[in-house]
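Participant: After the structure tokens below, expect a handful of questions from me.
The values are calculated or read from the model by the stated rules, or taken from the named source; none is laboratory data. Small disclaimer: the values here were computed from a predicted structure and weren't measured. Don't worry about glycine lacking a Cβ; one is built from the backbone with ideal geometry, like all the others, and counts go over all protein chains shown.
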């Protein structure tokens, strides 16, 4: 079943118009141009609009392969990759600080930095890497505290700062691989409550916001619900003696 990503709000439409304008300006000037950071939903909407309404070269960049927040770059891909408009800022702090993603985001936004100027925030036990657009670098690199914890900033981002993906597995059976049935197992809710949640709040399915509980899902589909986390339908197996379908869901930690 096709699930097109369409701009559904004024903000979406404004973002798409801006991205299409960047694409055309890049083509006319023959130099790379970039968007601000976009989340997964915005990326999907913009990429589909670019494919249908433009047709030139574009790529997305987030600083590491599995980045969720990314910028769109237009023009020659290799040239664009060599002049990315953001850098990784590394925060160093004591191991027992207990700093979290929320602490970093709160401290950064308290400086007046808008979310679109920030990419992914990767938090480890002693270091955190934050991808920051160049326009906000001066402000970010002057930080010496996150919350009440003192931090030291360096620019030595490396592969060790990229956290390994960790999952909790949920094994169950469903009558059929519908979104509401699979999500009910992931969220530990009844199917009825899950269907209502999908209709009222929506679910991000493969970067697209959907509201239809009856959508069929497939192996590899990734879905998330605000407040509940992010999941992947990792495997669809055979059938049980009662003709139910075995599934394995991975919940991202």
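Participant: Is it fair to say residue 82 is farther than 20 Å from residue 139 by Cα and either modelled with pLDDT under 95 or surrounded by fewer than 18 Cβ atoms within 10 Å (Cβ to Cβ) (or both)?
Facilitator: On the way: farther than 20 Å from residue 139 by Cα: yes; either modelled with pLDDT under 95 or surrounded by fewer than 18 Cβ atoms within 10 Å (Cβ to Cβ) (or both): yes.
So residue 82 fits the description; yes.
Participant: Does residue 111 satisfy being closer than 30 Å to residue 150 by Cβ, loosely packed, with under 15 Cβ neighbours inside 10 Å and touching a helix residue (DSSP H, G or I) at 6+ places or on another chain (Cβ under 6 Å)? Talk me through it step by step, then tell me what you get.
Facilitator: Details: closer than 30 Å to residue 150 by Cβ: yes; loosely packed, with under 15 Cβ neighbours inside 10 Å: yes; touching a helix residue (DSSP H, G or I) at 6+ places or on another chain (Cβ under 6 Å): yes.
Yes, satisfied.
Participant: Now for a different question. Every residue in region 237-247 that is surrounded by fewer than 17 Cβ atoms within 10 Å (Cβ to Cβ) and either part of a loop (DSSP other than H, G, I, E, B) or at pLDDT 95 or above (or both), please.
Facilitator: Hits for region 237-247 are 240, 241, 242, 243, 244, 246.
Participant: Let me ask something additional. Within region 167-179, can one find any residue that is surrounded by 14 or more Cβ atoms within 10 Å (Cβ to Cβ), in contact (Cβ under 8 Å) with a residue 12 or more places away in the chain and over 30 Å from residue 241 (Cβ atoms)?
Facilitator: No; the residues of region 167-179 include none that is surrounded by 14 or more Cβ atoms within 10 Å (Cβ to Cβ), in contact (Cβ under 8 Å) with a residue 12 or more places away in the chain and over 30 Å from residue 241 (Cβ atoms).
Participant: Under the condition of being in a strand (DSSP E or B) and within 21 Å of the chain's Cα centre (by Cα), which residue from region 128-165 is surrounded by the most Cβ atoms within 10 Å (Cβ to Cβ)? It would help to see each step written out before you state the result.
Facilitator: Pass one, region 128-165, residues in a strand (DSSP E or B): 128-133, 145-146, 149-150, 152-154.
Now narrow it down to the ones that are within 21 Å of the chain's Cα centre (by Cα): 128-133.
On the way: 128: 23, 129: 25, 130: 27, 131: 25, 132: 25, 133: 21.
Here the answer is 130.
Participant: Of all the residues that make up region 182-224, how many are part of a helix (DSSP H, G or I), buried (at least 18 other Cβ atoms within 10 Å of the Cβ) and touching a residue at least 12 places away in the same chain (Cβ under 8 Å)?
Facilitator: Just the residues of region 182-224 that are part of a helix (DSSP H, G or I), to begin with: 182-187, 191-201.
Pick out the ones that are also buried (at least 18 other Cβ atoms within 10 Å of the Cβ) and you get 182-187, 194-195, 197-198.
So of that shortlist, the ones also touching a residue at least 12 places away in the same chain (Cβ under 8 Å) come out as 182-183, 185-187, 194-195, 197-198.
The number of residues fulfilling the criteria is 9.
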